[in-house]
Amino acid sequence: MAITYKLISKNILSATTTTITLSSIPTTYTHLKLFISDRGSSTVLDASELWLNGGNANSYVNGYVDANDGGSPRSGQAGYYQNITVPSNYGTNIFGFTEIVIPNYTGSQEKNIASLFNTENSASNQYNGLSRTFTAVTSAVSSLALNIRNGTFVVGTSMHLYGLSNT
């Protein structure tokens, strides 16, 4: 069977904010897929975290692997990050890209979050990586909020949420 994508919700910022929320997520799909194009106001490469169902302490267990353009890989565990946000000093109008999948988001088990992220820079120090997160959330996912740890998300940052089904 072919997997079909259906746009559930989108939010394209027209003002700066620290948190972007998508709510009223229906329970009619098999999986959720979130596309993020983001840039922050801070001048530091910043991690942002995805909160499920309005919680900002979802008891995350996170493993990540990432590297910069110099080939310096990092890996480890952190309690929070599913995304790296492009800082304001990485060149004019450069936005990062993140793709996040939440499989079986309506199930009663702990939720998994799989993330692939990429930051660009007009000079150097681009980052890309993967993270895999388990949360203690066992109820169906009804809302998502992306929270930046330093500064704000700038105008033009966007989140597009799709429902995936096997029908």
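The table that follows gives values for the structure above.
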| read-out | value |
| --- | --- |
| Residue within the stretch 104-119 that is surrounded by fewer than 22 Cβ atoms within 10 Å (Cβ to Cβ), of a type outside the set (Ser, Thr, Tyr), more than 19 Å from THR138 (Cα to Cα) and at pLDDT below 90 present | yes |
| Members of the stretch 37-82 found to be modelled with pLDDT of 70 or more, in a strand (DSSP E or B) and more than 26 Å from ASN121 (Cα to Cα), listed by number | TRP51, LEU52 |
| Residue count for the stretch 126-156, restricted to those that are at pLDDT below 90, part of a loop (DSSP other than H, G, I, E, B) and surrounded by 14 or more Cβ atoms within 10 Å (Cβ to Cβ) | 5 |
| Selected residue (criterion: surrounded by the fewest Cβ atoms within 10 Å (Cβ to Cβ)) from residues of the stretch 89-103 that are part of a loop (DSSP other than H, G, I, E, B) and of a type outside the set (A, V, I, L, M, F, W, C) | THR92 |
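The values are calculated or read from the model by the stated rules, or taken from the named source; none is laboratory data. None of these values were measured; they are calculated from a predicted model. Neighbour counts run over all protein chains shown; Cβ positions are idealised from the backbone, glycine included.
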